[in-house]
Amino acid sequence: MCEPSPDVFHEKQRLELCAIHALNNVLQERIFSKEAADDICKRLSPESRMNPHRSFLGTGNYDVNVIMAALQSRGWRRCGGTSRYERRVCVRGEEGVCVC
């Protein structure tokens with residue numbers, strides 16, 4: 001089995017927190033937690049009793065809106081394309097990082 005290099009940050013999947021682990025793995029450090037993702041959910045739908053951006057059981061399973069808001073909070077932005085199936089390359093520029 002292939003093990004990650006010691007200089008590569010990798011969080012293993014646990015519960016339904018794949019969005020948090022994916023964010024931290026992409027950013028290469030532990031930045032986001034379940035609490036941070038829950039706060040983003042509350043900001044996205046402050047009036048919702050049953051928040052549509054996560055599991056109603058409170059176990060995670062965050063949707064793409066939470067992932068995009070988390071990345072935007074770190075200076076990443078979504079670029080171009082109207083179709084969610086359109087593929088583009090992520091680029092770094094003077095204005096930050098673009099997720100496509």
Q. Would it be correct to say that residue 80 is over 16 Å from residue 36 (Cβ atoms), modelled with pLDDT under 90, of a type outside the set (A, V, I, L, M) and exposed (fewer than 10 other Cβ atoms within 10 Å of the Cβ)?
A. yes
Q) When you go through (1) among the hydrophobic types (A, V, I, L, M, F, W, C); (2) more than 11 Å from the chain's Cα centre (by Cα); (3) closer than 22 Å to residue 26 by Cα; (4) at pLDDT 90 or above one by one for residue 70, which number turns out not to apply? A) (2)
Q.
Condition (residue is modelled with pLDDT under 90 and either surrounded by 14 or more Cβ atoms within 10 Å (Cβ to Cβ) or in contact with a Gly (Cβ under 9 Å, 6 or more places away or on another chain) (or both)) applied to the range 26-43: is it met by at least one residue?
A. yes
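The values are calculated or read from the model by the stated rules, or taken from the named source; none is laboratory data. Keep in mind that what you see is a predicted model, and the values were worked out from it rather than measured. Using ideal geometry, Cβ is built from the backbone for each residue, glycine included, and neighbour counts are taken over all protein chains shown.
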